[in-house]
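Below is one structure, written out as C-alpha cells, with a few remarks after it.
The values are calculated or read from the model by the stated rules, or taken from the named source; none is laboratory data. As the structure is a prediction and not an experimental result, all values here were calculated from the model. Because the Cβ atoms are built from the backbone with ideal geometry, glycine has one as well, and the counts that use them run over all protein chains shown. Keep in mind that these areas ignore ligands, DNA and RNA; they rest on the heavy atoms of the full protein, side chains included. Shrake-Rupley method; radii C 1.70, N 1.55, O 1.52, S 1.80 Å.
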Amino acid sequence: MLHSNLSVNEMGHLTLCGADTVTLAEKYGTPLYLLDEDRIREKCRTYHRAMKTYFTPDSRPLYASKALSFRGIYRLAKEEGMAVDVVSPGELYNALSAGMDAADICFHGNAKTVADIRYAMDNGIGLFAADNAVELERISAYAVEKGVTQRVLLRITPGIDPHTFDAVNTGKVDSKFGSAIATGQAEEIFCYARSLANIEVAGFHCHIGSQIFDEKPFCDAADLMLTFMVSLRDKYGYTAEILNLGGGIGVRYTEADPYIDIDDTLRLVGAHMHAICEETGYPMPQILMEPGRSLVADAGVTLYEVQNVKTITGYKSYAAIDGGMTDNPRYALYQSRYTVVNASRASDDADFTCTVAGRCCESGDLIGENLTVARPEVGEYLAVLVTGAYNYAMSSNYNCITKPPIVMIADGKDKLAVRRETFADMTACQM
Ligand SMILES: *Cc1c(COP(=O)(O)O)cnc(C)c1O
C-alpha cells in the first residue's frame, strides 16, 4: 500500500495501523477522520533525533499546527517535546488550552493585529516570526508598555522557487510574506528592528514552500540565508543565535509521488550548512524547522459511506459520498490528487474508474476525478488516504454540514479526540 501503516485484513477491509476501518466507520459513523497517533509520534522523534544529530544539540522541530489543530494534537506535541507554530490567536488559544507552554510557541503571520500581539505577549509568547515594520513597531510599543524584552525572528524571503529548484531573483521574492534579500529590504528591516526599543532579534526565518521532495531547495535556502547572515556580521558585528528554515518536506499522496526520507534529507542539509559555517567562520546557529504536512498527513484517513453510484451513458461514472469539500476542500481549491480505496473490499481489484463527488450543491465539490477503486456498492465505505494535514484544519460548515469527528488510534486502541459537531454546535453563535 501507499504507506506502511495501511494494510488489508482477512475480511478484505482496509486497516490503518492494524485497526479495521470498516469496524470504526460502523462504530463512529461517517464521515470520519482517523489518525494514526503512533505514526505522528514516530515522525516527531525522527525530526528531533535528526536535527540534534545533524545540526546542533539545541536544534529542534516546531510543529506547524495550522496543518491540523485540535487539543489532542497539541497535547501529543507537548509530550513529544515539540515546540509549535501558530498563525492566529485562535491557534494560540487552542495550544495554550491543551497545556502547551507559551515559551515554546512561535507566532507567525503577515497581518498580526494589535490585539493579536497583545494577546500573545500577555500569554508570554516565546517568539514572533515578525513579518514587517508595522508589526515590529507594534511589538516594540507593547514591550515598552509592559517593561519586557520580546524576542523575534525576522521573516526573510531568500528568493527560492522550490519547484524550479533554482535560486531566482523574481518569483518568490514577490511574496506577501517577509522581506527580500535581493531588494535590500531584508537588511533594512534588520537595521530597523535593531533600532527599536525592547526588541531582541534572535535570528531569521524563511519558509520556501511546500511539497518539497529533496534536500536541494533547503540547501539553496540555507546558502542564501547564511550568506546574508555573514554579510550582517561583517557589516554590523551581529551574529544570529537562531536560523529557522521553515517547513515544506513533501508527502506521498499517490503512487506518482516520490518517497522522501526525512532523516537523510536533514543529514544532507546539515552537512551542507556545517561546511558553509566552517568556510565563513560563522558559528553554526540553532536550527529550527517547522514541519506541518510531513508530521501528520500520512497518519490520516477519511472514511465516507457511498450513497449512490451513477454512470452517465457514454460519459463517466460518479460515486457520491456523505462528505466532500466541507471536510476536504483540497481538490476544489488546488486539484490536489488523492488515493481512494474501497475500504470494504480493499483486496478486490481497483478496476472501476470514477469521480468521487461530495454532497454539496456545488459541481466543483469533488474529492477527485479518474480515480480507480473496486466498484463501490451503496453502503460500502470509501477511504481517502493521507488526509491528516489541511483537511480538518480547512473544513467548513458550507451547506450547514456539520464537521466530522476525529478518532485517534494508539497502541491498537481507538479513542475519540474531537466529537462530531452537532446542529446545536453549528448554530450556537446565531442570535
Ligand atoms: C505552512 C507553513 C509551514 C508548514 O508547511 P508544511 O508544508 O505543512 O510542512 C511552516 N512554516 C510556515 C511559516 C508556514 O507558513
Between the range 309-354 and the range 231-254, what is the separation of their alpha carbon centroids in Å? 40
Whole number please: convex hull volume per residue, Cα atoms of the chain, in Å³. 151
Give the residue list of chymotrypsin sites (Phe, Trp or Tyr not before Pro) in the range 238-294 that are DSSP loop and have at most 12 other beta-carbon atoms within 10 angstrom. TYR259
Using the basic label-point model (7 angstrom from Cα toward the beta carbon), what is the THR280 to ALA428 distance in nanometres? 4.9
Protein accessible area in the range 317-418, 1.4 Å probe - carbon and sulfur %: 46
Calculated FRET efficiency, ALA256 and THR313, Cβ-Cβ r, R0 35 Å, to nearest 0.05? 0.70
Could you tell me the center-to-center distance, by alpha carbons, between the range 50-72 and the range 75-125 in angstrom? 14
Which is the longest part of the chain that has none of the GluC sites (Glu not before Pro) sitting in a DSSP loop with at most 10 other Cβ atoms within 10 Å? 11-254
I need the semi-axes of the equivalent ellipsoid of the range 274-366: take the C-alpha gyration tensor, multiply each eigenvalue by 5, square-root it, list largest first in whole angstrom. 43, 16, 13
Calculate, in nm to one decimal, what THR53 and ASN110 gain on full extension: separation in residues at 0.36 nm each, minus their alpha carbon distance. 17.3 nm
Rounded to a whole number of µm²/s, how large is the Stokes-Einstein D of the range 282-431 at 25 °C and 0.890 mPa s, given Rh as the Kirkwood radius over C-alpha pairs? 145
Using 1/(1 + (r/R0)^6) with R0 = 41 angstrom and r between the beta carbons of VAL148 and ARG419, what's the FRET efficiency to the nearest 0.05? 0.60
For the range 26-34, Karplus-derived ³J(HN,Hα) couplings (6.51, -1.76, 1.60; θ = phi - 60°; whole Hz; x for glycine and proline) come out as 6, 6, 9, x, 10, x, 8, 8, 10
With only alpha-carbon atoms counted, please give the Rg and Dmax of the range 76-233, in Å. 16.1, 46
What accessible area per residue comes out for the range 139-284, rounded to a whole number of Å², with a 1.4 Å probe? 43
In the Gaussian network model of the chain, springs joining C-alpha atoms below 10 Å, which of GLN335, GLN150, GLN211 carries the largest mean-square fluctuation? GLN335
Given a 10 angstrom Cα cut-off, can you work out which residue in ALA77, ALA389, ALA115 is the most mobile in a GNM of the chain? ALA115
So which chymotrypsin sites (Phe, Trp or Tyr not before Pro) in the range 312-418 end up in coil per DSSP with only 11 or fewer other C-beta atoms within 10 Å? TYR315
